[in-house]
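The values are calculated or read from the model by the stated rules, or taken from the named source; none is laboratory data. Just so it is clear, the structure is predicted and the values come from calculations on it, not from any experiment. Counting neighbours? That spans all protein chains shown, and the Cβs are built from the backbone with ideal geometry, glycine included. The protein model used for the area step is the full one, side chains on, heavy atoms only, and it has no ligands, DNA or RNA in it. Shrake-Rupley method; radii C 1.70, N 1.55, O 1.52, S 1.80 Å.
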Amino acid sequence: MRVGILGDGLTSLTLAKAFVNLNINVEVYSEKKKQIIDQSRTIGITKSNLEFFNDNIINIEKILWRLNKIEINSQKLPKEELIKFENNNDQLFSMVRNNKLYKILETNLKKNKFYKISYKKNLLSILDKHDLIINLNPINLVSKKFFSNKIKKNYQSVAYTAHLKHNKINNRTASQIFTKIGPLAFLPLSHTETSVVYSINKSDFIKKEKFIELINYHNSKYEIKEIIKISSFELNFINLRSYYYKNILAFGDLIHKIHPLAGQGFNMTIRDIKILLKIIKNKIELGLPIDTSVNQEFQNKIKHTNFIFSNGIDFVYEFFNIDRKIKNNALIKSLKFFGKTESLNKIFKKIADKGLIY
């Protein structure tokens, strides 16, 4: 069996590693000879997804920072905690830097005889070369030709990211603050470093100096020494209408892209990889061909849950977006009521960890 992967980003290498672990020949196609990974970007991985990643992809314990508590607050009620997710005995999720994870995967794959990377501009010419093609690049020619039909929403927002260097503290609690201009997350990376993601509406466009000023204004627990690696990217919502065309399967951000406020983007992708690997393993065990039937089965199993889950994240964003526009505290206080209900808190925590299929 031969698999071709279009794109050389973090998800591409994660998929490639999953396949070579099954002794499947993988060729990753890149349209540029050097991949530049944003050093300010980080990802959170939930407990169940981390267990899968360590067991089925590669063990990444050495580069993780485990968190056991998440606090959600609002600028409207600065002295009140809206929702708290906590697990004192174990992690809720773990933080990892994108560039470190990419480097571990890249280094490991280069040593594997089942892995190959090629640089090619005309990707349409290689579609018949492999049993299965997985496309992760939303702007290449393959996507433009076969995967342009999508539900898309522009949030009219920009996510600003940065790293804080601060004095040493017991740094195991992530916090999300819904401010007047958008959600701000403080995501610990160590006892002395914390990642920041601030999603700000374009109508409230800010410069670097203002971004730093806002971080300092909303920061209540860090004695900040330095703010570094400031970056930004636009925010969109995407749901692809059809996941495949013949032997080509769309994957990653190409099939679903969501707001980063809940840290679920890469977690959705890991859950997709779980399903895809299960389908392929079953085919191999039964001696069946790896062909377009894999793509059809994958879409049937996961498309509806991805649609529901991604729209659930969008609903959370719109809830707080409406709340920040109104003057009273009725909406935000109703959320506090649900957050304090233990049974609902457990359900929300379970869905955040395992998605809708558990």
Within segment 18-48, take every residue that is touching a residue at least 24 places away in the same chain (Cβ under 8 Å) and basic (Lys, Arg) and give me the one that is surrounded by the most Cβ atoms within 10 Å (Cβ to Cβ).
Arg41
Among the residues of segment 89-99, are any of a type in the set (D, E, K, R), modelled with pLDDT under 90 and either open to solvent by less than 20 Å² (accessible area, probe 1.4 Å) or more than 17 Å from the chain's Cα centre (by Cα) (or both)?
yes
Any idea which residue in segment 107-119 is nearest to Ile45 (Cα to Cα), counting only those that are open to solvent by 50 Å² or more (accessible area, probe 1.4 Å) and in contact (Cβ under 8 Å) with a residue 60 or more places away in the chain?
Asn108
Among (1) open to solvent by less than 10 Å² (accessible area, probe 1.4 Å); (2) farther than 25 Å from Lys354 by Cα - the single one Leu276 does not satisfy:
(2)
Would you say Ile177 is more than 25 Å from Leu92 (Cα to Cα) and in contact with a strand residue (DSSP E or B) (Cβ under 8 Å, 6 or more places away or on another chain)?
no
Residue that is most open to solvent (accessible area, probe 1.4 Å) [pool: residues in segment 149-177 that are hydrophobic (A, V, I, L, M, F, W, C) and under 20 Å from the mean Cα position of the chain (by Cα)]:
Ile151
From the residues in segment 197-225 that are part of a strand (DSSP E or B) and over 26 Å from the mean Cα position of the chain (by Cα), which one is farthest from Leu77 (Cα to Cα)?
Lys225
Could you please give the count of residues in segment 239-261 that are within 14 Å of Ser12 (Cβ to Cβ), open to solvent by less than 30 Å² (accessible area, probe 1.4 Å) and outside any loop (DSSP other than H, G, I, E, B)?
4
Residue match in segment 126-141 (condition: exposed (fewer than 14 other Cβ atoms within 10 Å of the Cβ), in contact with a strand residue (DSSP E or B) (Cβ under 8 Å, 6 or more places away or on another chain) and more than 23 Å from Ile280 (Cα to Cα))
no
Does Glu297 meet the test of being crowded, with 16+ Cβ neighbours inside 10 Å, without any contact (Cβ under 8 Å) to a residue 60 or more places away in the chain and not hydrophobic (A, V, I, L, M, F, W, C)?
yes
Lone unmet requirement of (1) surrounded by 15 or more Cβ atoms within 10 Å (Cβ to Cβ); (2) at pLDDT 80 or above for Leu335
(2)
Residue by residue through segment 178-189, note down the ones that are under 20 Å from the mean Cα position of the chain (by Cα), touching a residue at least 60 places away in the same chain (Cβ under 8 Å) and more than 20 Å from Phe237 (Cβ to Cβ).
Leu187, Pro188, Leu189
Here's a check for you: in segment 49-69, which residue that is free of Cβ contacts under 8 Å to residues at least 40 places away in the same chain and out of contact with any Asp or Glu (no Cβ under 8 Å at 6 or more places or on another chain) is least open to solvent (accessible area, probe 1.4 Å)?
Leu64
Filter segment 218-238 for residues that are open to solvent by 30 Å² or more (accessible area, probe 1.4 Å) and of a type in the set (Val, Ile, Thr) and give the result.
Ile224, Ile227, Ile228, Ile230
Among residues belonging to segment 181-196 that are closer than 13 Å to Arg97 by Cβ and not charged (D, E, K, R), point out the one that is surrounded by the fewest Cβ atoms within 10 Å (Cβ to Cβ).
Ser190
Of all residues in segment 107-147, which are within 23 Å of the chain's Cα centre (by Cα) and among the polar types (S, T, N, Q)?
Thr107, Asn108, Asn135, Asn137, Asn140, Ser143
Are there any helices (runs of 4 or more DSSP H) wholly within segment 262-346 with 2 or more residues that are under 16 Å from the mean Cα position of the chain (by Cα), and if so which?
265-286, 292-325
